[in-house]
Amino acid sequence: MTLKEILYDKMRLSSRLVRKLKRKKGILVNENRIPFHAVLRKGDFVKVIMEEESNQFEPEDIPIEVVYEDVDLLIVNKEPGIVVHPTKGHPTGTMANAIVFYMQEKKENFKIRFVNRLDRDTSGLIIIAKNPFAQQELSKQMQENLVEKIYLAVVKGRIKEDRGTICAPIGREEPESIKRKVYEGGQPSVTHYEVINRFEEATVVRVKLETGRTHQIRVHMTHIGHPLIGDELYGSVDEKLIKRQALHAETLTFYQPRTNERIEVKASVPKDIEELIEKLRT
């Protein structure tokens, strides 16, 4: 096989990453640089060097709950009320700032690459890739629907069916609007749900996403007449019950990018959702 075939077919590197490595002179065979189309022999050792890139975030001592970590990935259980990365409205106090501090404490240095995002008031699992290869592989798995994402949600009203699937396109009719809605011109969106518990005026559901549209669960559950409790954008707010939307990214299943091992991680349910369920029970 040629070096090019090894990089693309065996190591599964993207053309973008290979171009970057070539510019940085980070592709070596037996510690030497050789032509891209050279044929390799049995026993040749191919090395790809991915240089660390500096972070653009300031470290802040914010506690984080790490649920999984290896050489390629860091997965944390995000608390509700915290923004994932700095914005104009939230320049500090974000998950990105907390992760930079965590890295420095561990004497590590990697550019923070968020593979998935959560709304400020949604709690649960966030994946951070430690290198461009891991980011490439996990993003590819998400595009190919190989990453299983399961959420816990508490919605208004009693859902009669034990399980169901919502197939309804989602988009925003006004380009400047934050709010999404179900309408014909939207992107195809599929959400599966299963009832976990029913109360007099609410239902606890476990939700599996087949697509990953912005606000998908919030929009789809509102569409079927069961908005999330505490959702001020799509649902009904009752701060006596909970002060944010009752949505938690509970489980992630994916393939480790380097070893291809199937990994499942789970985030403990936050206290405010546990308290909400207890209030609904009494």
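Nothing in this text is a laboratory measurement; each read-out follows from the coordinates by a stated rule. The structure displayed is predicted, hence computed values, not measured ones. Every residue, glycine as well, gets a Cβ built from its backbone with ideal geometry; the counts of neighbours run over all protein chains shown.
If eta is 0.890 mPa s and T is 25 °C, what Stokes-Einstein diffusion coefficient results for the stretch 217-282, Kirkwood Rh from Cα pairs, in µm²/s?
It diffuses with D of about 177 µm²/s by this estimate.
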Relative contact order computed over the chain (Cα-Cα under 8 Å; 6+ residues apart), in percent: 15
Between 0 and 90°, nearest 10: helix 132-143 axis offset from the chain longest Cα axis: 50
Where the Cα pairs of the chain fall when distances are cut into 5 Å bins, in %: 1, 5, 11, 14, 15, 15, 13, 10, 7, 5, 3, 2, 1, 0, 0
Fraction of beta bridges assigned by DSSP in the chain that are antiparallel (%, nearest 5): 95
Rounded, prolate or oblate (a/c below 1.5 giving rounded, otherwise prolate when a/b exceeds b/c) for the stretch 57-98 by Cα gyration tensor: prolate
Rg(Cα)/(2.2 N^0.38 Å) for the stretch 153-197, N = residue count: 1.42
Part-to-part distance (alpha-carbon centres) for the stretch 1-35 and the stretch 146-200, which is given in Å: 42
Longest exposed-site-free window of the chain, the sites being chymotrypsin sites (Phe, Trp or Tyr not before Pro) in a DSSP loop that have at most 15 other C-beta atoms within 10 Å: 46-182
Entries of Lys140/Lys208; Lys88/Lys208; Lys78/Lys149; Lys10/Lys42 with Cα pairs more than 22 Å apart: Lys88/Lys208
Linear extension gain, Arg163 paired with Ser236, 0.36 nm per residue minus alpha-carbon span: 24.0 nm
Per-selection Rg to Rh, the stretch 3-48 - Cα, Kirkwood hydrodynamic radius: 0.92
